[in-house]
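The values are calculated or read from the model by the stated rules, or taken from the named source; none is laboratory data. All of these numbers come straight from a predicted model, not from anything done at the bench. Backbone-built Cβ (ideal geometry, glycine too); neighbour counts: all protein chains shown.
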Amino acid sequence: MKPRALLERLARHFPSSRRSSSDQSRRDREEEADLEAIAAREQRGFKYETLAAATRGFSEKNRLGQGGFGPVYRGRLEDGRDVAVKRLGAGSRQGTREFRNEATLLSRVQHRNVVNLIGYCARGAEDKLLVYEYVPNESLDKILFPPSSASASHSHSSSNSDRSRRAELTWPRRHEVVVGVARGLLYLHEDAHTPIIHRDIKASNILLDDRWVPKIADFGMARLFPEAGDGHSRVHTRVAGTNGYMAPEYLMHGDLSTKADVFSFGVVVLEIVSGRKNSAFVPPLDAEADSLLEYVRTPPIIMHSCTLCL
């Protein structure tokens, strides 16, 4: 498929905000019907009541954090499976698009290093939920990067606990995380039925299970890319992602290809090795650098960083 045809397909799925409210309402109903059809075809449909019961009424005690389009809750299904339930924030049109995007894309993939989507729930205009496998160790960033020292509520015992968890992320485990994410990206780019570009690879979108196996998550901004197979194709699109992780040609010109994910992955590798976060990088007093990428270009600095990150 040519880039123009791909853009036309994206335009059909993501209509302009200038459409009339009646047109948008009709399209919303069609999208809900599409989701229900996907769930029925994949046998992944959940009743809202089932997920409400699993999460104890979406209790704050079950809340794991905030996802790309709404809160995420831990739940337990009737068959005993632990799950993570993403709930769309009410009234979020952008969230609705990301919800449909993630539901559609993840129904196509199955890989050890990609988070497993178990099912969906779409009930009316307000209640839209995605159900995933529960990943016990949460996201890589919570283990790799310590909380801000400026947080007054961060107690001494919590700091010790954070250091203990970080110490569990040994060099062999860090290596396995890097290799696992690389395998997941290779699958998305080359082995999936239709190549997928994630567009938001970063530490907070890499989950770790109880065996420290990394799983790429949060496909709300991902895109199908049928022409990615030749390794050179690209398409011009709106920029979406996280500052500090976007490839320069994509950030400045909107030129999207699989290389955008590879650049983001490279940033994550540097973060894993150095223990420093690129998007909130603060250089040491004796260093002149605006980003982690600049900071690690000097070999002695790389070696120094490696000794400090555990």
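Below are the figures for this structure:
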item	result
Test: residue in the stretch 154-167 that is surrounded by fewer than 22 Cβ atoms within 10 Å (Cβ to Cβ) and either modelled with pLDDT of 90 or more or under 17 Å from the mean Cα position of the chain (by Cα) (or both)	no
Residue within the stretch 120-136 that is within 22 Å of Gly241 (Cβ to Cβ), modelled with pLDDT of 85 or more and assigned to a helix (DSSP H, G or I) present	no
Residues that are among the aliphatic types (A, V, I, L, M), modelled with pLDDT under 80 and under 21 Å from Glu271 (Cβ atoms), drawn from the stretch 201-243	Ala240
Checklist (1) at pLDDT 75 or above; (2) more than 24 Å from Ile197 (Cα to Cα) applied to Pro283, failing item	(1)
Some residue of the stretch 178-188 being at pLDDT 90 or above, more than 24 Å from Arg276 (Cα to Cα) and among the charged types (D, E, K, R)	no
